[in-house]
Amino acid sequence: MSRRGLLLGGLAGTGGLVAACSGAPTASPTTTTSSRGPRRTSSIVDGVTLPVAAWLIAENRRPGTLDWILSGYPPAHGLEGFTSATSAPSGGSVDIMVNTTDTTYRIEAYRMGYYGGHGGRLIASSPTLRGVQQPAAVIDAAHGTVECHWAPSWTAKLTGWPPGFYMFKLISAKNWQQWIPFCVRDDSSRAAFVLMSAVTTYQAYNPWGGFNLYQDESGSRAKRAVVVSFDRPYDQSTLQGGSDFFGNEFPVLYDMERLGLDMTYWTDIDLQLRGAELATHKALISLGHDEYWSSQMRGAASAALSRGTNLAFLGANAIYRKIRLEPSDFGPARLEVNYKDDTDPAGIANPALATSNWGSPPVNKPESLLTGSTYVSIDANDDLVVADPEGWFWKGCGVHEGEHLSTVVVGEYNRYIPGAPGPADVQLFGHSPISKQSSFSDITYHSRPGGGGVLSTGAAAWVNKLSNSSVIPYQMVPDPIAGVTPILLRAMLNLYGLFGAGPADSLMPAQPNWQNYYG
């Protein structure tokens, strides 16, 4: 099974509705107006003070629907599309390019959130559109790059669209259906949290047209792409065009929107293009599989951390592959370059442009310098073992030292490695043996002197294990784990409370304890 299949495989089944998670915190807070403006308030949930946004609380009180879920599936290349940008500001517009062999189709735009447990709300619909077969993709065989020079099919005018993560749902006359993920930004936002979707990782694994950054259509790694394009659809094999969103990102979005947290929405392309703005926010939330980072992305995150912005990496394998982002005819940052080794011609001429792994020559900047932990492998299928239960992360969770939380560490994992490059003040909140590899998965926390804090969960399945819906069918989100998911959600509440309050080094500096586990 592939690396991603270990996590996404749990989403492919069908079954009943997800069981409700008893004991999880609910958003019934006492609200007071803060001094930062009328749209921002503070809220107390289970004893934790949270920054919340009145507009988001009101938005999630609107009627939701399950109509965003697909119910009909096209043949190969029967219905597919992509957007001219991965995000656009509210009030702007985005072009949608659609290819179909059906006669007509329409497009529905759903904002994804909580909405009383339904997970989405219909925001807009296109008129019925005539089906068009777009030109064949152009393939640069030397680089494995597949690009679609397609004409716009519909322009979505985003005036009045609330910021958030969206799914465009394509629906043809034959009831073929497909998703296209998209993000609507608020470029004026100074919200406490930036919730970031890892679309560069989406694209790295996208096999549409026969190539991705791992293999060609024959499965040969020797012929894999070294440049992939956003100017193409996401493949039907990646959850009908939805890519990693539902398995690696949606459960956190659902929970944060349920709580009404004061947040704004980015893709990692926005971290590339607008990274200087990160320092105006209290925390960046990186979701389940955030593997591919450029120098600009990493530089922006590190600079913001030094200025007091907190960073949370809710997965594993973050900041592992170094990329460059280059423009296409559609706009900036549409081509993703990654050679994975020292053969990148631009990197040979200028090592600063190299796209080997972050920890490999000539880059030599392992992810642990920022995240505090190091990616190890994929082969985990183990319990999370609690460390330091008296620490801030586990406050109110009722756990004890060495307690096992069943099957939380699945697939890829990170660990703290004593002596490896990185911070010295590392505090462990989880230290979980990996049975197949005589290794460990660690939840790490450190704080940058005078700046923010960094929490890394060290487990790729962390976000997946936060699923907490009693309404959404199992094929979209997995069942919560009785006796485990409520604990993880309570720990996340602690994270939101600390990281949403300000620079963690001044509020809750790390208390190094790694010697207790690696003595």
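The values are calculated or read from the model by the stated rules, or taken from the named source; none is laboratory data. Please read these numbers as outputs of a predicted model, since none were measured by experiment. Because the Cβ atoms are built from the backbone with ideal geometry, glycine has one as well, and the counts that use them run over all protein chains shown.
Quick look at the numbers
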| quantity | calculated |
| --- | --- |
| Among the residues listed as VAL228, VAL146, VAL138, the single one being of a type in the set (A, V, I, L, M, F, W, C), closer than 30 Å to ALA276 by Cα and modelled with pLDDT of 95 or more | VAL228 |
| Any hit, the stretch 282-303, residues being of a type in the set (Gly, Ala, Ser), modelled with pLDDT under 95 and either buried (at least 24 other Cβ atoms within 10 Å of the Cβ) or more than 28 Å from ALA85 (Cβ to Cβ) (or both) | yes |
| Criterion violated by SER172 - all others in (1) at pLDDT below 95; (2) surrounded by fewer than 24 Cβ atoms within 10 Å (Cβ to Cβ); (3) polar (S, T, N, Q) satisfied | (1) |
| Listing of helices (runs of 4 or more DSSP H) fully contained in the stretch 251-356 that carry 1 or more residues being touching a residue at least 40 places away in the same chain (Cβ under 8 Å) and under 19 Å from the mean Cα position of the chain (by Cα) | 268-274, 295-306 |
| Subset of the stretch 364-390 that is part of a loop (DSSP other than H, G, I, E, B) and within 20 Å of the chain's Cα centre (by Cα) - its residue that is nearest to ALA461 (Cα to Cα) | SER373 |
| Any hit, the stretch 438-459, residues being under 21 Å from LEU253 (Cα atoms) and surrounded by fewer than 17 Cβ atoms within 10 Å (Cβ to Cβ) | no |
| Residue within the stretch 386-395 that is closer than 25 Å to ALA192 by Cβ, touching a His at 6+ places or on another chain (Cβ under 9 Å) and not hydrophobic (A, V, I, L, M, F, W, C) present | no |
| Complete set of residues in the stretch 329-352 that are surrounded by fewer than 16 Cβ atoms within 10 Å (Cβ to Cβ) and in contact with a Lys or Arg (Cβ under 8 Å, 6 or more places away or on another chain) | ALA346 |
| Conditions (1) assigned to a helix (DSSP H, G or I); (2) of a type outside the set (Asp, Glu); (3) without any contact (Cβ under 8 Å) to a residue 40 or more places away in the chain: number failed by ALA491 | (3) |
| Checking TYR496 against (1) part of a loop (DSSP other than H, G, I, E, B); (2) surrounded by 24 or more Cβ atoms within 10 Å (Cβ to Cβ); (3) not acidic (Asp, Glu), the condition it does not meet | (1) |
